[in-house]
Each structure stands twice: as structure tokens, then as C-alpha cells.
Amino acid sequence: MKAKKVVKDQKTNKKEKTENMTIKAPFELEKLSNDEYILNMGPQHPSTHGVLRIILKLDGEVVKDLYADVGYIHSSVEKMCENKKYEMIMPYTDRLDYLSAVNYNWAYALAVEKLMGITIPERAEYIRVMLAELNRIMSHLLWYSAYGMDVGALTPIMYAFREREEVIDMIEGMTGGRLTHNAFRFGGFKNDLQKGFMDSLKKFIGHFNDKIDEYEALLINNVILTARTKGVGILSKETAMSYGVTGPSLRGSDCAIDLRKTAPYSIYDKFDFKVCTGKNGDTWDRLKVRMDEMRESTKILKQAMEGIPAGDIMAKVPKIIKPAPGEVYTKVESARGEFGVYIISDGTDKPYRIKFRSPSFSNLSVLKEIAIGSKIADVVAIMGSLDLVIPEIDR
Amino acid sequence: MELIKELFYNSGKPLGELYTWAHGIWAGWGAPPFLLDLIFQIIIGVAVALVVVLNALWIIYYDRKLSALMQIRKGPNRVGPLGLLQTIADTVKLMIKEDINPKAIDVLSFWVAPLIIFVPTFAVFLVLPFGKGLIPADLNIGILYVIAITGLTVIGILAAGWGSNNKYSLIGGLRSAAQIVSYEIPMMLVILSVVLLSGSMKMSDIVAAQANYKWFVIPQIIGFIVFLIVGNAEINRAPFDLPEAESELVAGFNTEYSAMKFAFFYLAEYTNLFLTSAIGATLFLGGWEGPFLPPIVWFFIKTYFVVTILMWIRWTFPRIRVDHLMEFSWKYMLPIALLNLVITAIVIKLV
Amino acid sequence: MNFTEILDKLKAGHEVLESKEDLGVLNAWVAPKKIRDVIGFLKDDMHFNQLSFVTAVDLPITNNIEVVYRLFSYETKDNVVIKVKLDRVKPEIETITGIFATANWHERETAEMFGMKFINHPDPNKLLLPDGIEAPLRKDFTCADMVPLPKA
Amino acid sequence: MIKYIADIIKGIISLMEGLMVTLKHVFRKPITLQYPEQRPDISLRFRGRLVMPVDPATTNNRCTACMLCIRACPNHSIDCEKLIGEDGKPKPKAVSYTYNMGSCIYCNLCVESCAFAAIIMSDEYETGTENKASLTLDLVAEKYELKGKKVAWWTSKFKTEE
């Protein structure tokens, strides 16, 4: 008799638990009108580029409402880092955004160097700039090819990956990693540039601008694509600011804000380059900004290649990294926008609290604002133009 | 020797002789003649089926190789010499795969949809003029028959979309219906201008009207371009592949299909590509007309020329959006086709 | 503007409980009830037009949860950090979603990570975590699978 | 009306440009690497799986079981056991060196921390396996022989120090 009761209790418990576990539906099904229906885009969907779920309320093909459900691959990096020594966190920052890992390394390295008061040698700064710009090109090339797939053009990916392979080979030669580079150390680098880096860089810069022209002729200037993207997903300047949108997505809305210019870190003030902006803030402007940015990155690379001095690549850094108590926030312009690292140090060899401010997090939150009223195909096009990387949203 | 030459260059004559000869023997046995016709029809059916399957195998391989060329890669090159047996391997794989039937499907429409899509494709081969006299049935409403039959495909796609009980499939099915219905009209107008020029809807007459290299592509260049675009849209290939737009609708109307049922869709898609090209070649490029080579060879050369253009378009352009698709049809294709028809009519009247 | 100027302007209209300079950036502690006023003032009158992030820090020693708002001005290129000390047992604070739309997601993340509540939040559901996990970023949260670092 | 025609012409031109790009590529050489037969050219610093190579001079590994790599590893992927001599005191020699490839993130921090260049990231990248157990390796027992272009790089590391 007693045993039976226990079983029953367990059963009811289980039921309660499952009820608790169900995710609250963002749209009440009873309130839908006869013409409306719910469509789940994701968690596994070809165009969400990761494990992201977009719940759409549709009327025919028109999006009436939208709800972004994130957190499927939450990795709790911030909690993990509280249990790691400062040196160990560097490879973790790679994994936030595996497409522009160098920039993420940089933000973290900057933060710790600022806490420790380390100034790094000039040659190391130049190498950092070069790696970061190569990384930006690499990320934008992947974005371009993925965007081609999103809008149904299957050929751009092949051309873009041809150039991307060159870039990856260069970064791999320097750091040893192809995607998760773990490139930087506090104070500079462990290894100098590899032999032949300058030659391959020169070769790459030599032909890359022609390739960008080809990319634009193939996809960006195509009349089908311009018809699909011009005037779609208009993000106004005010909305973008309020939502904390950064990076190319913000610059598409006629905001000349680029942390490399507005709040120069490292030696970016030495380089001559333009902040590319769009006019209308629509999807096409965001695409164009990224294409132009690749050209500007090539310019920076050229200047860095010419101006790189000889010398040390590593500053004097204490063996044990133990910053003084205090807090620091450093940010860099990654391929997707402002990536910031906020560290609170309590004087031990582990950070007391570390917070990563990731650009995609804010960029995704604006999706609801700009996608309502467009078509299903537009949601895909807009999402692609925001260039989201899911692991940095689900930090 | 003479017979073989005749068979290649003027297939109609020896085939007709064979037919009357067989009928003579059949009558000598005292059997009813319709039975012999039935046997002949079955033989023709089997021959057409053979052509369909072999052609689909080849055209899929061709598409993959051509796309590989454009995408600076190598394409299939592992199975057989130059990867020629790749499609056969794929077919075998699809045949022995598990046929998954989701729980909540509408069984009838789910099962019957692949067949509905495939049968019209098959039936259109009836009026394709492969060579001089080599046409399974030379109907005097040949081209009308083609339009009527190909229009049936939409029912299959709709049935697949509805029967799958999947929202992606349903959207795909509905998109396809809208697409095919709105592109049917410019298609008909373009074909009508060709019919005006040739003065007949019979396929053999249309080819005959283009004898001595008076191909309709020259007076009807706009018509030909419109035909290519509209034909591409009718067979749901990129950039008009909205019903199965994989980045939006996962796989559209065939999301839930697997194994042989999926293979039917695949087969139908590529056969449709061949058909549209074949009709385009017949209407605008003089069909089997050509010097030296046997007519059937010319027919395939011209058809594959059109196929190549369509593939080239497919592997270059991004996908069009659904409302632009409608807009494009009604705002651009229809007026142009109509204008083309009117000008053709006026010119014919004047000359 | 430098540290003192920002502080003086802020102090003119609002009560600043405590202030500190940390690597050249003003950290100002304000009362929890005033947070909307302070952030609104910084945005409208002092052109701090970007809310970089909202987060919190768990301080078990003083039994506080400290909410951190970091603002940046694209015009004057200044940073400012506004901090609010909350009771660790029942941390509650007014939302600033109406001022900066980006606060919506940042606050949702902070709320679930620290087990706190943002009053009047338009969408108080969890953002990243599944149900059943409470406040993982608090210092007393332990996970069975967590392996401590080997002792040197 | 003029805009209508201009739109059509502009559209056709842009489409033609795209078609020309793909047409040009038809005549370019494919960039395919036929993977299992052709291998990519891997750079010297490539980070494959961790190995503890046998030093050809001493026909033994160079590990002194100093535990620096264990402390440097962010994921506790490495464990090491020191040799206990007959006198009961630990000797600078590793009896076993357990490396868990499953949790390794190939960050190179252990290699950089090693003062004797005893471990190195090899250029082995085909580390997929069917069972989890084979992801845990004992690098001492493995007696790995380093091959290829990494050898010179590796030996130069400790030759200069001595």
C-alpha cells in the first residue's frame, strides 16, 4: 500500500517537472486569427546558422510577429572563466566567435594588459593589426558565401572560400590554428611571423581587390538580390543606437561609428582608412558595407605590411599573471561589431567576474524590430545581413 | 545499308513501312488490328520510359559536372570512369533507403503526389519530335497538348504540400501553385506567336515551317528569351525554385519525402528540364533540322544547348522573392509577351 | 570630459552615494530607486548614447548584488559606469528598457544569471537558460560536474 | 515608361555581369584537393594532437614530470605520474602521461609551458575514432616518433637551450 503511494507520488512529481520544463509559448494560440499561423524556424534550420529558433507568426507569407528563442547551446563561459587562471581564458575567447577569433583574443588580451599595465612592443602591435584584419576578411568572406546560400545563390561560396583558404593558411602559419587561433599572449606573441608570410600577404593583397569586384558582380549588384534587399529590413539610426547594434549592421544605417576610428585601440590611429557607411539602413546597405570593409582591410594590411618595424615581439611580462584589484572594460571592433571584455579582478590569479559583451547578442535583439511586416524570405535575408554567430549569443 | 540510312535520316518512312507490313501479316492471321496497335503502343511506351530514365541519369550527371566547372571544382569523379556511374549509385541508394511515412500525413495525397507529378512529364514525350517522322504521336494539337498536360504538375505539388502535414511543405505547395498559374499565361502567349508563324499547332508542322534554317529564334528572339525565363519558372528551377527554397522552407514540398518517392520528384524535375529545353529547341531552334548529322542527333544537340543555358542561369543567380515572382510575371513577362504577339501578328499581316 | 566633470554634472541633479575612479573611468554608485532617472539623465542630457551592457556582480562578503550599467558616448568618447547595490536575498530593481531598448535582453540575461528581478520588464521570461537552473553566476552556485583547478 | 525600360536594361546588364563571372570560371582550373589521396600542405606550427616524441639521441622522451603542463591546461586534459625510485623519493621521470584527447582544445598552452620541449603538438589531424576509450592516450607508453618537417623545429628548440 505504502509502496504504491510512493510510485504515485513519483509519477505526479514527474508530471509537474515536465510541466515546468515546457517553454512558454510566446504567442497564445487561442488569440490567433483564422488567417494566422505559427511557423518554427529552427532550432535546426538551414538559414539560422547555428542553433537558433525564430518563432514566426505568419499571415500567408507575411511576418506578423517574431520571437527569437536563444540559449540552446549555452556554454556558461563566464562561469567557467571564474574558475580559470588568466592565461587559460585566452583559448575560450576563440570559441565565442569562431569566425573572427583573433579580434576576440585581442579584446581579452587588451583587458588583461591594461589591468597589468603592460605595454607591448610595436612590432607585436603591427602583427596584431595584420592578423586582426586578415581575420576580418576571413569572417566577411564566410558571411558573403553564407549569404549567397541564404538567398539561393549556390556559386558564391565556392569563390569566396578559395580566397578564404589563402587567408586561413596565412593565419594558420602564424598561430597554428585554422579557426580557433589562440593567437595572442599577454605582452605580444610567442612566435614571430613565419617565413613566407609577407610574400603570401603581398600576393593576396595583389589580387584580392579584383576578386571583390567579381563577388559584387556575381551577387551584390545582381538585380534579383537588389530587388530583394533594397528597402527591406530598414534599421533606422535611432533604433540601432537604442538597441546597441554595432559593427557593419550599425554602419549600414549611416552611422560612421567604427571603434578603430572612434575609440582607437592599439595602433589603429596610425592607419589611413575609411569608415564605410550605408545610406538607408536597409539590408542591401549592410551587405555593401561589408564588401567595402574588405577593401578597407586590404588597405590597412598594405600599410601595415609596409610599415612593420623589426624588433621584439614580446614585452616583459611577469611569470604569474596576478593583476591588482580593479576593473576594466576593453572593446574592439570585431567583424560583427563591438566585442568587449569586462573583468573584475580581486588580486588573485583568477578573475573575480568576467563578462563578455558580444555584438551578435544586441544585433539579434533588433531583429524583431526590423523584420515585422516583411516576408519569410526577407527574414532570412535580414538575419543573414546581421551576420549572427550563435555561440557568442549563448555565451 | 539504304534501310539503316533511311532509319537514321528519315525515320518516318521505314517505321511507317514496318507498321503497314506488320499490319499486313497481322491481318493475314485474322487477328483484330487494334490488338497490334496496342502492342505497338506498349512498345512505344517502354521505349519512351527507357529514354526518360536514361536521359534523367545523364542530365543529372551533366548538371553536376557543369556546376562543378562553374564552381572551380571537379564534380563527381569517384564512381566509375569520370564519375559517370554516380547517378546510378545515387539511384540505387535511394531505392534501398527506408521509405519514411510520417504519422500525421494525409495518406492518399502523400502517396499519389509523386505519381501525379511524374505522369504528365512522361506523357509530354508523346508529342516530342525526336527526328524526321520519329514522333510517338503527331497530334494536330501537339503544342496545346503540351501546355495542357504540363499544367497538371501543379496538382501533384499541391497534393505533396498538403499531404505532408508540414507547414513548410504547405507553403511550398501554395507557392508553386501561384507560380505555375501565373507563368502559364506568358508561356501561352509566346507559344501562340510561334503558332502564328508556323500556322499550325502540330509539332511536325512547326519543325517543317523552320526548314532551310528559317529558325523562329531570329524573328522571335524576344519570344525565345521570354520562353527561357518562363519555362525555367514553370519547372521550379533556380532562380525560381521557390517551392523548394531550401534556405527558407527547408526543402519545400518534398520536405517529408524520402527514398523512392523523393526519387520521383527528382526524376520529374530533371525530366521537366529536358522537356522544356526540347520544346524550346523545337519551337525556336528548328527542332531536328540540321546538316550532315542524323536528325535525332541534332535534336539532342539543340536540346542540350538550351539545357546548358538553363543550368548556367541556375548556378549563377540568387533566388527571387515570392512577391517579385508574381510582379515579374505580370509586370514584365506578360506585357512583353503580349507585345511580341501583337507585333508578330501585325508583321505577318503586312508581309 | 574627464572624470571630475562627469561626476560634478551627475552630482548636480542626482544623489551619488559613492564614486571611484578606476583606470580613468568614473564608477558611480546610485540608489536603486533612482536608476531610471540617472540613466535617463545620462542619455538625454549628457549624450551617453550607447548602453554597452548591463550585468551584475555577486558580492557574498557584503551580502550584495551589484548591478553594473556601462554607458559610452559616441560623441564625447566618454565612458561611465553606474552601479547599484542590491540586497542579495531579494534583489529587485526597476527596468531601464524604456530608455535603452538593448537593456531588454541584457536585463533578462542578468536576471536569470543572478536570480534577480527587474520590475516592469516587458518580457520577464528566461532568455538563455532552461527552467530548473537558478542563478548560476552567483558565487555559491555549484555544479556537480565542475572540476576545481589542480593545486600547484 | 522610360524608367520601366531603363530598369529592364539595367537589370539585364547586371544579370549579364553575373553570368560572365561564372562563364569565366568555367575555364579556370579547379581548386579541388582530392582529400584522402592528396594531402593539404600543413604549416610548421599547425596544432594537431599532443605527442611526446622520443628523442633520437637518448631513445627516450624528455619529460621530467614537472607538472607545469598540467597546471597550464585549461581543461585538465593531462595527467602525469612521477617515477618513484627505490629509495622512495620521486625521480624526474614520468611513469605515465595520460592525455585526454576528448577534452583537449588544442590551445598549445601546455607545449608553451614545457621547459624541456618534451611535448609538442604534432601534425596529426585525423583523430576521429569510434569509441571514447581510445581518446585517452598514454603518451609515455606510446613512444611516438616525430616525422616530417616538425622534427627539425622540435630538435632546434632544445638543442639551443643546452
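At-a-glance table
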{"read-out": "Unique match (being buried (at least 19 other Cβ atoms within 10 Å of the Cβ) and either within 14 Å of chain B (Cβ to nearest Cβ) or not in a helix (DSSP H, G or I) (or both)) among A:Ile171, A:Ile224", "value": "A:Ile224"}
{"read-out": "Test: A:Gly117 is crowded, with 24+ Cβ neighbours inside 10 Å, without any contact (Cβ under 8 Å) to a residue 40 or more places away in the chain and more than 14 Å from chain B (Cβ to nearest Cβ)", "value": "no"}
{"read-out": "Residue satisfying all of: in segment B:32-57; touching a residue at least 24 places away in the same chain (Cβ under 8 Å) and under 15 Å from the mean Cα position of the chain (by Cα); farthest from B:Ile88 (Cα to Cα) among these", "value": "B:Val48"}
{"read-out": "Neighbours by Cβ (under 8 Å, 6+ apart or cross-chain): first from segment D:70-81, within 8 Å of chain A (Cβ to nearest Cβ); second outside any loop (DSSP other than H, G, I, E, B) and of a type in the set (S, T, N, Q)", "value": "D:Ala72/D:Ser113"}
{"read-out": "Filter result for the condition that a residue is touching a Ser or Thr at 6+ places or on another chain (Cβ under 7 Å) and free of Cβ contacts under 8 Å to residues at least 60 places away in the same chain, over A:Gly281, A:Gly326", "value": "A:Gly281"}
{"read-out": "Any hit, segment A:54-62, residues being surrounded by fewer than 24 Cβ atoms within 10 Å (Cβ to Cβ), assigned to a loop (DSSP other than H, G, I, E, B), free of Cβ contacts under 8 Å to residues at least 40 places away in the same chain and not β-branched (Val, Ile, Thr)", "value": "yes"}
{"read-out": "Selection count, segment A:150-161, where residues are part of a helix (DSSP H, G or I) and free of Cβ contacts under 8 Å to residues at least 40 places away in the same chain", "value": "3"}
{"read-out": "Which numbered condition A:Cys276 fails, given (1) in contact with a helix residue (DSSP H, G or I) (Cβ under 8 Å, 6 or more places away or on another chain); (2) more than 13 Å from chain C (Cβ to nearest Cβ); (3) over 22 Å from A:Ile393 (Cβ atoms); (4) in a helix (DSSP H, G or I)", "value": "(4)"}
{"read-out": "Conditions (1) more than 14 Å from chain C (Cβ to nearest Cβ); (2) touching a residue at least 24 places away in the same chain (Cβ under 8 Å); (3) outside any loop (DSSP other than H, G, I, E, B); number of the one not met by A:Leu250", "value": "(1)"}
{"read-out": "Pairs with Cβ under 8 Å, 6+ apart, first in segment A:182-193 and over 18 Å from A:Ala107 (Cα atoms), second part of a loop (DSSP other than H, G, I, E, B) and β-branched (Val, Ile, Thr)", "value": "A:Asn191/A:Ile313; A:Asp192/A:Ile313"}
{"read-out": "Test: residue in segment D:25-44 that is surrounded by fewer than 18 Cβ atoms within 10 Å (Cβ to Cβ), away from chain A (no Cβ under 14 Å) and not in a loop (DSSP other than H, G, I, E, B)", "value": "no"}
{"read-out": "Residue match in segment D:50-66 (condition: within 18 Å of D:Ser103 (Cα to Cα) and away from chain A (no Cβ under 14 Å))", "value": "yes"}
{"read-out": "Condition met for A:Lys316 (in a loop (DSSP other than H, G, I, E, B) and among the charged types (D, E, K, R))", "value": "yes"}
{"read-out": "Checklist (1) more than 12 Å from chain A (Cβ to nearest Cβ); (2) under 29 Å from A:Thr93 (Cβ atoms); (3) crowded, with 17+ Cβ neighbours inside 10 Å applied to D:Met121, failing item", "value": "(1)"}
{"read-out": "Residue count for segment A:321-345, restricted to those that are out of contact with any helix residue (DSSP H, G or I) (no Cβ under 9 Å at 6 or more places or on another chain) and either more than 10 Å from chain C (Cβ to nearest Cβ) or crowded, with 24+ Cβ neighbours inside 10 Å (or both)", "value": "0"}
{"read-out": "Selection status of B:Leu170, closer than 30 Å to B:Glu246 by Cα, surrounded by fewer than 24 Cβ atoms within 10 Å (Cβ to Cβ) and either touching a Gly at 6+ places or on another chain (Cβ under 9 Å) or modelled with pLDDT of 85 or more (or both)", "value": "yes"}
{"read-out": "Residue that is in a loop (DSSP other than H, G, I, E, B) and either within 14 Å of chain A (Cβ to nearest Cβ) or among the β-branched types (Val, Ile, Thr) (or both), where the choices are B:Ile320, B:Ile343", "value": "B:Ile320"}
{"read-out": "Whichever residue in segment A:83-119 is of a type in the set (Lys, Arg) and outside any helix (DSSP H, G or I) and, among such residues, is nearest to A:Val129 (Cα to Cα)", "value": "A:Arg95"}
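Per-residue answers, yes or no, for (1) more than 15 Å from D:Ile42 (Cβ to Cβ); (2) facing chain D (nearest Cβ under 10 Å):
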site	(1), (2)
A:Phe161	yes, yes
A:Arg164	yes, no
A:Thr175	no, yes
A:Gly187	yes, no
A:Asp192	yes, no
A:Asp199	yes, no
A:Ile205	yes, no
A:Asn209	yes, no
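The values are calculated or read from the model by the stated rules, or taken from the named source; none is laboratory data. Worth saying up front: this structure is predicted, and the values here are computed from it rather than measured. Reconstructed Cβ throughout: ideal geometry from the backbone, glycine too, with neighbour counts over all protein chains shown.
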